[in-house]
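Here, each number is a calculation from the coordinates, and none is a lab measurement. Fair warning: this is a prediction, and the values are worked out from it, not measured in the lab. Ideal geometry is used to build each Cβ from the backbone, glycine not excepted, and the neighbour counts take in all protein chains shown.
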Amino acid sequence: MKCQICDNPATVHLTDIVNKKKRELHLCERCARERKLIPEPPAQQQLDLKALLKLLMNPFPAATEAEEETPVPWGCEICGLSLSEFKAVGRFGCPNDYEALRSALEPLLERIHRSLHHAGKTPRAIRLRELKRQMQQAVVKEEYEEAARLRDLIRQLEK
Amino acid sequence: MNLDSLLPNLGEWLRGTGPESDVVISTRIRLARNLAHLPFATRATSAHKADVVARVKEAITHAPPAHPLEYVDIPQLSHLDRQFLVERQLISRELAGGLEGPRGVAFDPTETASVMVNEEDHLRLQVLRSGFALDEAWHDIDQLDDALETRLSYAFHIQFGYLTACPTNVGTGMRASVMLHLPALGLTKQIDKVFRALQKINLAVRGLHGEGSRAFGDLYQISNHVTLGKSETKILSEIREVIITILQYERQARQVLLKERKQAEQDRVARAIGTLSSATMITAEETMELLSAVRLGIHLHLIDSIPVTAVNQLFIHTQAAHLQKLAGHPLDGEERNAARAKYLKTKLRELSLPRP
């Protein structure tokens with residue numbers, strides 16, 4: 001199989017399925033590297049998913065077309081931390097940074113933890129709020145047994 | 001609080017009697033927590049930090065957890081007292097020296113539970129127990145966390161969990177670490193192999209005083225790396241499995257030592273006690289190495305005159321700040337080495353006297 005961009009043998013094969021539509025891409029290593037699908041060595045050999053997605057959506061952008069940038073967050077409005085500052089110190093300035101810098105943060109979390117979703121303990125206040133919401137829903141649906149069960153759980157938690 | 005009152009005691013973690021204490025010295029779990037609507041440490045002004053301190057002090061007095069905590073203000077402490085708390089594993093080196101502004105630590109009289117305030121995160125809860133006690137430590141710290149939360153509003157995000165200043169701690173904010181004494185794996189040259197395997201499964205290995213510290217006296221800390229995407233229970237069970245395997249390796253290596261070179265080991269232990277009880281100058285590093293041999297000797301039943309608690313006491317009391325507290329005045333490097341040797345000599349002589 002030949003590279004879809006130049007005619008060298010294709011050694012990088014990518015498949016992406018979005019909305020049940022399958023898209024394939026066959027490239028040689030050089031072209032894949034040029035399109036930043038593989039980071040430069042000695043960086044870890046890992047796919048840049050964003051670059052891959054972009055390339056799959058539009059594999060052959062016109063030469064004149066300006067490089068389309070994914071919007072880069074400038075920083076946090078509350079504490080004033082900018083993305084470049086965060087990259088320099090590796091520490092956030094306030095809790096809001098997790099939202100303000102989300103698009104830059106998520107690939108980082110994926111690399112560190114191989115996950116983007118908390119699966120552990122939740123503060124009691126938040127557990128309570130959720131149980132109360134569920135109880136009210138149960139009352140509205142006239143599921144009184146369920147509501148009573150939730151009420152008992154809430155009482156236990158409030159103790 | 002007068003810190004000198006802690007001096008004659010051993011923290012609970014050095015009792016030396018917990019589960020699997022022939023290999024596992026102690027188990028530590030820490031939780032990183034931050035208060036909602038306040039900047040993290042790097043962006044916090046002195047006023048913000050004072051606010052955090054006030055809120056935490058209020059929380060520990062009004063919502064007394066199972067362990068009653070007493071707050072100690074770090075900026076008010078002498079350099080020596082701060083170092084003393086570092087050696088007792090109650091605060092980090094950063095809280096002692098590297099950081100500025102209002103900060104402190106609250107801990108209970110048994111030194112099992114502590115809360116650092118204004119370290120990298122607003123709160124760093126810690127529970128430290130003797131031996132291999134992950135479940136007990138988790139139970140304690142979970143309760144402490146709940147108790148504080150009734151008075152404090154934590155920064156929590158539905159997707160990311162507990163928010164921390166550094167993205168390496170986000171999610172559970174939990175770091176569980178187990179301190180192991182692995183002399184036989186060291187002697188039989190298998191230790192590097194074990195650690196290479198650990199790094200592959202994403203567990204960190206460090207020396208006694210945490211990141212970047214060297215492993216003295218065959219003491220190693222093994223801890224989880226990942227904090228996001230797994231529950232606390234899952235993280236703990238993954239560590240538990242690994243520790244159990246290392247425990248088995250270490251015990252096997254000890255049996256091999258006993259079988260193949262008992263005489264040589266006996267000699268090594270006797271020489272270690274000889275040096276410890278007759279040197280007139282000795283460094284902390286050498287003391288740790290020799291005490292490691294003595295500890296192994298006790299667990300291999302090569303000596304019975306020294307209880308393991310005594311080794312733990314020697315281990316903590318011969319560290320720099322402890323020695324100076326015992327002496328009652330500051331000592332420079334050479335003076336410390338002499339004081340250390342003298343302390344060891346006296347204590348070991350007391351132990352070798354026939355007990356009444």
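Name the most mobile residue of B:327, B:293, B:253, meaning the one with the largest mean-square fluctuation, in a Gaussian network model of chain B with Cα contacts below 10 Å.
Highest fluctuation of the listed residues: B:327.
Where the only charges are on Cβ atoms (+1 Lys, Arg; -1 Asp, Glu), what is the dipole of the protein assembly as shown about its Cα centre, to the nearest 20 debye?
Here the protein assembly as shown has a charge dipole of around 920 debye.
Once you list every other residue whose beta carbon is under 12 Å from the beta carbon of residue B:40, what net charge do they have if Lys and Arg are +1 and Asp and Glu are -1?
Overall, the nearby charge balance is 0.
Add +1 for every Lys or Arg and -1 for every Asp or Glu among the other residues with Cβ under 11 Å from the Cβ of residue B:324, and state the total.
-1
To the nearest whole percent, what portion of all C-alpha pairs in the protein assembly as shown is separated by more than 43 angstrom?
Numbers: 41262 of 132355 pairs.
Result for the distance tail: 31 percent.
Counting only residues 5 or more places away or on other chains, whose amide H sits under 5 Å from the amide H of residue A:94 once H atoms are built in the peptide plane?
Counting only residues 5 or more places away or on other chains, the set is B:40.
Apply 1/(1 + (r/R0)^6) to the Cβ-Cβ distance of residue B:110 and residue B:76, taking R0 = 22 Å, and write down the FRET efficiency to the nearest 0.05.
On the way: r = 23 Å, r/R0 = 1.06.
With R0 = 22 Å, the Cβ-Cβ based efficiency is 0.40.
Please arrange B:179, B:288, B:174, B:281 by counting, for each residue, the other beta carbons lying within 10 Å of its beta carbon, fewest first. Let's see the in-between values first.
Values: B:179 22, B:288 19, B:174 28, B:281 14.
Arranged by neighbour count, lowest to highest, B:179, B:288, B:174, B:281 become B:281, B:288, B:179, B:174.
Just rank B:198, B:296, fewest to most, by other beta-carbon atoms within 10 angstrom. Walk me through the intermediate numbers first.
Numbers: B:198 17, B:296 25.
Exposure proxy ranking, most exposed first: B:198, B:296.
Would you list B:140, B:121, B:81, B:135 from fewest to most Cβ contacts within 10 Å?
Fewest-to-most Cβ neighbours within 10 Å comes out as B:135, B:81, B:140, B:121.
Sum up the charges of everything whose Cβ sits under 12 Å from the Cβ of residue B:339, counting Lys and Arg as +1 and Asp and Glu as -1, but leave residue B:339 out.
Within the 12 Å Cβ shell, the charges total +2.
Find the centroid of the Cα atoms in region B:212-251 and in region B:85-118, then give the distance between the two in whole Å.
Using only Cα atoms, the two centres lie 23 Å from each other.
Measuring from label point to label point, each 7 Å out along Cα→Cβ, what is the residue B:270 to residue A:137 span in nm?
In this crude spin-label approximation the distance works out to 7.5 nm.
Grab chain B and count how many Lys pairs have their alpha-carbon atoms under 28 Å apart, sequence gap of 8 or more, or different chains.
16
Let's see if you can work this out: charge +1 on each Lys and Arg Cβ, -1 on each Asp and Glu Cβ, no other charges. What is the dipole magnitude of chain B about its Cα centre, in debye to the nearest 20?
On the way: 41 positive and 42 negative charges, 182 e Å.
Using only the charged Cβ atoms, the result is roughly 880 debye.
Quickly estimate the mean residue ellipticity at 222 nm for chain B, helices only: each DSSP H run with n ≥ 4 gives -39500 (n - 2.57), and the total goes over all residues, rounded to 500.
Value at 222 nm, helices only: -14500 deg cm²/dmol.
Using amide H atoms built 1.01 Å from N in the peptide plane, name the residues 5+ places from residue B:108, or on other chains, whose amide H lies under 5 Å from its own.
B:70, B:113
Can you give the charge dipole size of region B:236-356 about its Cα centre, rounded to the nearest 20 debye, using +1 on the beta carbon of Lys and Arg and -1 on the beta carbon of Asp and Glu? Write out the running numbers ahead of the final one.
On the way: 17 positive and 14 negative charges, 86 e Å.
My answer is approximately 420 debye.
Find which of B:202, B:177, B:248 sits farthest along the positive direction of the dipole of region B:172-262, computed with +1 on the beta-carbon of Lys and Arg, -1 on that of Asp and Glu, about the Cα centre.
Going by the charge dipole, the pick is B:248.
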